[in-house]
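Before any comments, here is the structure.
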Amino acid sequence: MNVCRKRVGDIFSVRFIGFERPMVMISDPDAVRELYSERAHGLPPGRSLALLPVVGPDSLLLVEGEGHLARRRLMSPPFHGERMRWNESIMREVAEAEVDTWAPHSTMALHPRMQAVTLEVILQAVFGVRDIERGDQLRNGLRQMLDDNASPALQLQVLLSRRLQRGDPLAELQELRHAVDRVLFDVIAERRRDPELDEREDILSMLIGARMEDGSAMSDQELRDQLMTLLLAGHETTATALAWTFDLLLHHPSQLARLTAEIRADGDEDYLRAVVSEALRLRPVIPLAGRRLKVEMSVGKYTLPAGTDVTPAIWLTHTRPDIYPDPFAFRPERFLENAPTTYGWIPFGGGIRRCLGAAFAELEMRAVIKSVLSRCTLEPLHGRPEPVARRNVTLTPRHGTRVRVLARSAAHHVAVEPVAA
Ligand code: HEM
């Protein structure tokens, strides 16, 4: 993308293997505003190709038009306000338990550890599963399903088999999916029977109680699709964002020292918030969040007709020197001076499809970073920041952010409130 920007300029198109239409890439915040402000636009086909096998057709990530708006209204309340305090207490509890397992002087890759944390948070806060046996049934199946779905080889096979009209390479994934679905449908059935459903704070319980404008409720099948959506959208992304944040911090000692001091002094969270914003700017986990135009759009000297696929190239927006002086430097201080702008800082996309879990993700990142840095001293195993590798629709640290635990203190105080079972 950087090469295209240098050779061609602010707007260019790319043709991905297996796709009929080229994707037009933009990065100027005015153009991003123009794209994301139009509510009528649909989705380009790439999203469904990567996600449909796991999330199912009713997924909030894939539905369009009125169906999307209705579901979005239904699913937004659990991600706001008071509910978040309950989520935060789970995040802290899960992160503290993870840090407890880190032996001093051991070495490990942080990315898989962050995946374990964010999976557990989704199981507890979203699925409401705190029972160990049920958790185990889900944990293993889900992990394998997500790993298989992320395999680049499998995705290439899918593209080629569609082009050559060969058999379905996803058949094996479907078997695994059915096994996981059986557990999920059991969880949904048990929850529907729970006499304390109304008092429960997990997101599944709230979705069971939620009603569309016409008074209808979500079917079991739709509940299952939305659970998988929240899992797929929220687990890998947040784990990867955390791995990148630690990778950046561990290679920038003065920023790490400032943040650690702030956290250990139990002060305000200004610098922590700035670190999270800066890490998401420099290492956006999802590189593209595009639309298929329903109405024509003008960008600079071009008029893009309806039907064109257009996406902000998120990293290009985030590294524009006109918005971010010294754009490739990791400098959280820039966000102490200026808060992120709506169309110049877009790690969560924008408009009516902006990430539903953005506040949840940032809260979780802050909670996990606090737990780790208040108790651990870590050292990177590699002298340089990680190169980028692609994993399904995300960009991840290629070697998993390997670290050595130099020291770890016992859990001193865990500001966790009592949580209803
Ligand atoms: C750092 C972590 C995360 C990143 C970088 C991220 C990024 C994104 C992006 C780029 C989109 C597409 C937005 C668009 O098309 O404009 C998206 C959509 C979405 N995300 Fe996230 N996400 C994160 C965490 C989460 C979490 C924790 C959840 C929920 C638990 C979540 C749920 C969703 C959902 C449901 C959508 C679809 C929204 C819609 O189409 O209306 N995400 N996310």
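All of the numbers you see were taken from the coordinates with simple rules; none came from a lab. Since the model is a prediction, treat every value here as computed from it, not as a measurement. Neighbour counts run over all protein chains shown; Cβ positions are idealised from the backbone, glycine included.
Remarks
- Efficiency of FRET from Cβ geometry, Arg390 and Ala410, R₀ 30 Å, rounded to 0.05: 0.15
- Mean Cβ count within 10 Å, highest first, over the residues of peptides 372-382, 6-16: 372-382, 6-16
- Proximal charge balance of Ser219 [Cβ under 10 Å; K/R count +1, D/E count -1]: -3
- Pairwise centroid distance, computed over Cα atoms, of region 199-234 with region 304-324, Å: 33 Å
- Candidates per trypsin sites (Lys or Arg not before Pro) in region 242-285, loop by DSSP, up to 10 other Cβ within 10 Å: none
- Glu337-Glu190 pseudo-label distance in nm [points 7 Å out on the Cα-to-Cβ vector]: 5.4 nm
- Net +/- balance of residues flanking Lys294 in space, Cβ distance below 14 Å, scoring K and R +1, D and E -1: -2
- Using alpha carbons only, the radius of gyration of region 256-323 set against its Kirkwood radius gives Rg/Rh = 1.23.
- With both residues required to sit in the chain, DSSP beta bridges show an antiparallel share near 85%.
- Using a Förster distance of 35 Å, the FRET efficiency for Arg130-Ala210 (Cβ separation, nearest 0.05): 0.95
- Pair Lys294, Val8: separation of 7 Å Cα→Cβ label points (nm): 2.7 nm
- Shape of region 202-281, Cα gyration tensor, a/c cut at 1.5: prolate
- For the chain, the fraction of alpha-carbon pairs lying more than 28 Å apart is 50 percent, rounded to a whole number.
- Compactness of region 38-129 is given as radius of gyration and Dmax, 17.8, 55 Å, from Cα positions.
- Amide H contacts of Leu378 (H built 1.01 Å from N, under 5 Å, at least 5 apart or other chain): Leu406
- Sequence-ordered 3J(HN,Hα) estimates for region 75-80 from the Karplus curve with 6.51, -1.76 and 1.60 and θ = phi - 60° stand at 8, 6, x, x, 9, 10 Hz, glycine and proline given as x.
- 25 Å tail of the calculated P(r), region 309-421, as % of Cα pairs: 43 percent
- In this structure, Leu176 and Arg33 have a Cβ-Cβ separation that, at R0 = 35 Å, corresponds to a calculated FRET efficiency of about 0.25.
- Our coupling estimate for region 24-29, obtained by passing each phi through the Karplus curve with A = 6.51, B = -1.76, C = 1.60 and θ = phi - 60°, is 8, 9, 10, 9, 5, x Hz, Gly and Pro reported as x.
- Reachable lysines, given that their alpha-carbon falls under 23 Å from the alpha-carbon of Lys6 and they are not under 8 places away in the same chain: Lys301
- Ordering of 337-348, 89-100, 292-303 by packing [mean C-beta count within 10 Å, highest first]: 89-100, 337-348, 292-303
- Computed from point charges on the beta carbon alone (+1 for Lys and Arg, -1 for Asp and Glu), the dipole magnitude for the chain about its Cα centre is near 1600 Debye.
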